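Here is the structure we will look at, set down as structure tokens.
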Amino acid sequence: MFIPLDRLAATGGSIESLETNYRVKPAWRNCGSILASLVNIALGVTGSSALSTFYSLQGLFNTVQLFALILTTIVPHKGRDVSHEWRQVLLGTIPNILALNFASTLVQSLVFLIIFMGLAGLLLYAFYVSTAPCKYYGHLEGFQQPDRSSGRSVVITSFLLTVIYLPLSTMAVHVVTWSDDLWAVPNPYLNSTTRLPVIAPLGPSDKFRDPLDFCYTTTMKKNEINFAPVVFIIAIVTLCALTISYPLALRKLIKHSVPIVDKFTELGKPRSFSDMNREYQRLLKRDQNPLMFLYSGFRRDWGTHEPLYLFMKFTTLLIIAVIDPNNCLFRSFSRTRITIVRQVLLLATTIVFFALQWIFSPFLDPVNNASEWVSRLNYVLTSLVALLAVLDVPGKDIINGPMLYAIYAMTYSFSIYFAIINLNIIQRLVKKLARRLDFSVDIFSPRLDISSSSPHTRRRIWQEAITALLLTSPECKIPDKQPMHYVQARNSEFPPYLLNFQGSPGERHVENIKILRELGTVGYDEALKFLHGANSARLLHLVEQIQKKFVGPDCYWRSSSEFSPGSSRFFGNAWWLPFPPTLVIRYDDGPLITLKDLSDFEEYVRQNSEPEIQRRREIRIALRALDGQKIYWPYCHVDAEDSSISLCFRGMRYKAQTSTYYDYGTLNVKRKGYLIWEGLELGSGFGVEIVYDDHVTVGGGVIGINDEYDLTPTLARFLTLNHVLIHSRVSGIEALLAGYRHFCQRECKAKEEVLTYSFLSRVYDRPKEPEALANDSIKYERDLRVRQLLVSNEVVFRKTYERLVSVSTTKLTTWWYLFWDDFWRRNSDTISKLRLHASDFNPHYPSSIAYTPLPRAALESFLAQRGLLNKKSKWGDFLDNGFLNKIYIRMYDIVFHGSSQANIFHLGYNTRELDMEDIDIETQVPLSTLGTGGGTDHDDSTIRPRPVFRWEGILSDPLAKKEPGHKLLSKLGVWLGLTPFWRTGSGSLGLALDVYLEGDEYVLSGNMHGGAQS
């Protein structure tokens, strides 16, 4: 195996594992995937309308009884007949649950409800406490790292709350509506023939309530305590804290947790929409966020769907629980009409939810979308069946019997099917059965770059070797257990910045690649020109001034342009990003701006150097010194109370004023941003307030503060009165600010010294001879580890350069290499015979077929000897003569393109002669592009759904006489998990080739043969 790829293989990981410094855990050890599956199962079960009637107090009591019996079975008590109790459960309790015929006492049920809601309250408290650091995720500034210490508690509480959300919320609604399972008497409306049933008094009227006065009471005796108000208040609190607040808090938390997808590939090329989605899936696979189980099942831009999903499930249960003739809201209405209204609303709601699922398909996996479609279709059909049964239509018994059972059978059969088909082992089996091959590029497209400078070969040979060498070298690799976390703007306002830099060249190399993925090749090159161009000396001087004096809080910027950033206050928190040179400012009012031009940097330094701005900054620092301190500022607080008296039948109104005098209060500075440095808050926002007591708080205007922080007479008096306190603390704050600036400057400088930003364009992206590489490293790189690495690995660079040159000799050798390299990367995990003969196929070996284009006869013999091609197709064969035809048609077109021997194609049954480029243009449709796929950034054999590449489809389309339209069910195979590919837009007319018969074989016909014979 080529060096350093042998070192990469020895690590047992991949390039991506080394770049992220993290290895993906297998599914059975991955807590995120396990919890995601459990949450989906729990929501599917608890959200079922069939179980909605079980969410009652007696249902809860029976569940506890059943659980207690299981425990006594495990540890039976002496003298108890456990078999008899199990018989009672099987023949009594469970049928009673199914029949809603509960026999437990109301008091017992209420006790369990209070305990259950109390536990939910504790979980909510634990959730809000553990997610308290997460509230800063959207307000992090500078190089502040998110606090991830509470990950385990967040996972446990959010998982349990998500599971109990539906049943507990539904039970709380039962309490608010006071359903019949809370009535202190048996439901008198069930067997009544009149709207208001006639019931005999329960006893003497002075001791018992009216027989129908059972709403919102736990007893019918007047002299007993009514616990209904307590239970009602608990239910209202549950609805507010759990049902409403929890999904909103969860949505906000997830919004700041989902991965951010880089806009460009490692080739520096923009990602297509489809490539962005597949990259998002790759990021999810390696996502270490503890909350990933809540969003890992949903598509990009739909990560926050889980809270909405919870609420949609609850809406269905809410309709069932509220619009019910057996509660105190609707007990006096016609039972039939209420039931009809409920079923109509239920049917309308389920149709709306089904339509939303059909239109948006928020799940990441098409199979999961199909499963959800079937589930929601089940809700629609069962709601329709229930409505028809209520309307007493003819054939009701058949509709509500066999037809309902058939719906349930179909739904659960599909659910089982979707659960099985989506397993990785089954997907690989399906891939084998379908003999499906996958590629990361449109390998047969004439638009694929196969020139001598192809970015695909450069990425797969040169860049892969450089990265592998840096990340496997003991001196240069990323330190073990070093998390690769970045400061990254969600809307790409500023470039990414690696946090917690430990000083290794491997970290810097990966950070360079991360920046490339954000900026693209053009943006990265322009940033290098700006950094090292004609004005580099001026830029360096400005950067040094900014880093030493003008980063951190209390920095000022007022744009000279007519477009205001939306801030009336022009102070804020600033931080510097070294590459591309960028100054980020978060104003105190909230808006964020970035400065990237040399003229803006000069103007920024000029403004912050002005004496007036310096004075205002000193005022802010003085106020920071008083933050949280007891200050002296006399203040008279006046309370005005309106009162009225009656005098001779005439109302007289007066105001009574109460004055309270204060001398001391606590000054607080309220911030919007979050940046902590050695215990000092440096975030943006500067809202000053003085707290005199729990009821008296005044704003900064009382001490003369205005938006521009001018030294007003009132403010000057305030600072004079507290001069001693300010003087004792301001030096410490200034020292901390100086330390913060020094740290940021030192880290930026250390990154540049360890590995330059130009390394990516000079070495990583520009293959060259080892001698030139060594000279380049000595000239530009300052770190001895990097110099030594580039100088001492001459053999590595020479072999790598020779590999690249050999596959770039002709377009044919380039295409041949790309084909077999992609074939190995994308299919070796599925085709066992490829792994068995790895040295013959893996391009990391010199003996790989990727370096030697073969004639068809030789290739057939080569594949047959290794069991990959048989004269008669066998089970497990992926290659056949039809696929070899595609290979050699493309090779023939590359070799003879533009000559008299070029392939002659016909589109459909048209006799017009075309070549592959003509076909490519002819088959363009408005929805298609000339793209050929993003290419393989890493070894990745994971099966991910994607649209069919254009030439994959063209070479597979059957001949047709008229233009085929768009197929409505083009994704049916994807939904059923039978294929990960689907056709976008309309298909082509199919291709025909001119051939002639030579002996007993058909041979491709060129123009030299004088015409076309099809």
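Brief remarks on what is shown
- Selection count where residues are loosely packed, with under 13 Cβ neighbours inside 10 Å and modelled with pLDDT under 90, scope segment 858-872: 2
- Scope segment 805-822; condition more than 22 Å from Phe896 (Cβ to Cβ) and surrounded by fewer than 23 Cβ atoms within 10 Å (Cβ to Cβ); matching residues: Val805, Ser806
- Test: residue in segment 549-556 that is under 29 Å from Gly685 (Cα atoms), in contact (Cβ under 8 Å) with a residue 60 or more places away in the chain and surrounded by fewer than 18 Cβ atoms within 10 Å (Cβ to Cβ): yes
- Selection status of Glu734, closer than 22 Å to Lys548 by Cα and surrounded by fewer than 18 Cβ atoms within 10 Å (Cβ to Cβ): yes
- Residue in segment 378-398 that is crowded, with 19+ Cβ neighbours inside 10 Å, modelled with pLDDT of 80 or more and within 30 Å of Asn424 (Cβ to Cβ) present: yes
- Every residue from segment 399-434 that is outside any helix (DSSP H, G or I) and surrounded by 15 or more Cβ atoms within 10 Å (Cβ to Cβ): Asn422
- Of all residues assigned to segment 821-839, at least one qualifies as being farther than 20 Å from Asp877 by Cβ, in a helix (DSSP H, G or I) and under 34 Å from the mean Cα position of the chain (by Cα).
- Enumeration of residues in segment 185-221 that are assigned to a loop (DSSP other than H, G, I, E, B), over 20 Å from Val231 (Cα atoms) and among the hydrophobic types (A, V, I, L, M, F, W, C): Leu190, Leu196, Val198, Ile199, Ala200, Leu202, Leu212
- Meets criteria (surrounded by fewer than 19 Cβ atoms within 10 Å (Cβ to Cβ) and of a type in the set (A, V, I, L, M, F, W, C)) for Leu470: no
- Identity of the residue in segment 300-343, basic (Lys, Arg) and more than 16 Å from Trp178 (Cβ to Cβ), that ends up nearest to the chain's Cα centre (by Cα): Arg300
- Once segment 888-934 is narrowed to residues that are among the aromatic types (Phe, Trp, Tyr) and surrounded by fewer than 18 Cβ atoms within 10 Å (Cβ to Cβ), the residue that is modelled with the highest pLDDT is Tyr888.
- Filter pass, Val688 being part of a helix (DSSP H, G or I) and surrounded by 15 or more Cβ atoms within 10 Å (Cβ to Cβ): no
Quick grid of which residues meet (1) surrounded by 13 or more Cβ atoms within 10 Å (Cβ to Cβ); (2) more than 18 Å from Asn327 (Cα to Cα):
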{"residue": "Leu196", "(1), (2)": "no, no"}
{"residue": "Met220", "(1), (2)": "yes, no"}
{"residue": "Thr238", "(1), (2)": "yes, yes"}
{"residue": "Leu250", "(1), (2)": "yes, yes"}
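- Every residue from segment 485-505 that is surrounded by fewer than 19 Cβ atoms within 10 Å (Cβ to Cβ) and within 21 Å of Ser17 (Cβ to Cβ): His485, Tyr486, Gln488, Leu499, Asn500, Phe501, Gln502
- In segment 759-774, the residues that are under 16 Å from Val786 (Cβ atoms) and without any contact (Cβ under 8 Å) to a residue 60 or more places away in the chain form Cβ pairs under 7 Å with partners that are of a type outside the set (D, E, K, R) and surrounded by fewer than 18 Cβ atoms within 10 Å (Cβ to Cβ), at six or more places apart or across chains, as follows: Arg762/Tyr780; Ala774/Val791.
- Taken over segment 733-766, the criterion of being outside any helix (DSSP H, G or I) and at pLDDT 90 or above is satisfied by Leu755, Thr756, Tyr757, Ser758.
- Arg508 falls short on exactly one of the conditions (1) of a type in the set (Lys, Arg); (2) surrounded by fewer than 21 Cβ atoms within 10 Å (Cβ to Cβ); (3) touching a residue at least 40 places away in the same chain (Cβ under 8 Å), and that condition is (2).
- Scanning segment 196-234 for residues that are touching a strand residue (DSSP E or B) at 6+ places or on another chain (Cβ under 8 Å) and touching a residue at least 24 places away in the same chain (Cβ under 8 Å) yields a single hit, Met220.
- Pick from segment 288-344, criterion part of a loop (DSSP other than H, G, I, E, B) and among the hydrophobic types (A, V, I, L, M, F, W, C), ranking: surrounded by the most Cβ atoms within 10 Å (Cβ to Cβ): Leu291
- When segment 584-625 is filtered for residues that are modelled with pLDDT of 90 or more and aliphatic (A, V, I, L, M), the ones remaining, listed by number, are Val584, Ile585, Leu595, Leu598, Val605, Ile613, Ile619, Ile621, Ala622, Leu623, Ala625.
- Segment 451-491 - residue that is of a type in the set (A, V, I, L, M) and modelled with pLDDT under 90 and, of those, nearest to Asn277 (Cα to Cα): Ala489
- Those residues of segment 692-707 which are out of contact with any Asp or Glu (no Cβ under 7 Å at 6 or more places or on another chain) and surrounded by fewer than 14 Cβ atoms within 10 Å (Cβ to Cβ), in sequence order: Asp693, Asp694, His695, Gly701, Asn706, Asp707
- Selection status of Arg762, in contact with a Cys (Cβ under 9 Å, 6 or more places away or on another chain) and surrounded by 14 or more Cβ atoms within 10 Å (Cβ to Cβ): no
- Restricting segment 435-457 to residues that are part of a helix (DSSP H, G or I) and within 31 Å of the chain's Cα centre (by Cα), the residue that is surrounded by the fewest Cβ atoms within 10 Å (Cβ to Cβ) is Pro455.
The values are calculated or read from the model by the stated rules, or taken from the named source; none is laboratory data. Given the structure is predicted, the values throughout are model-derived calculations rather than measurements. Positions of Cβ are generated from backbone atoms using ideal geometry, with glycine treated the same way; all protein chains shown enter the neighbour counts.
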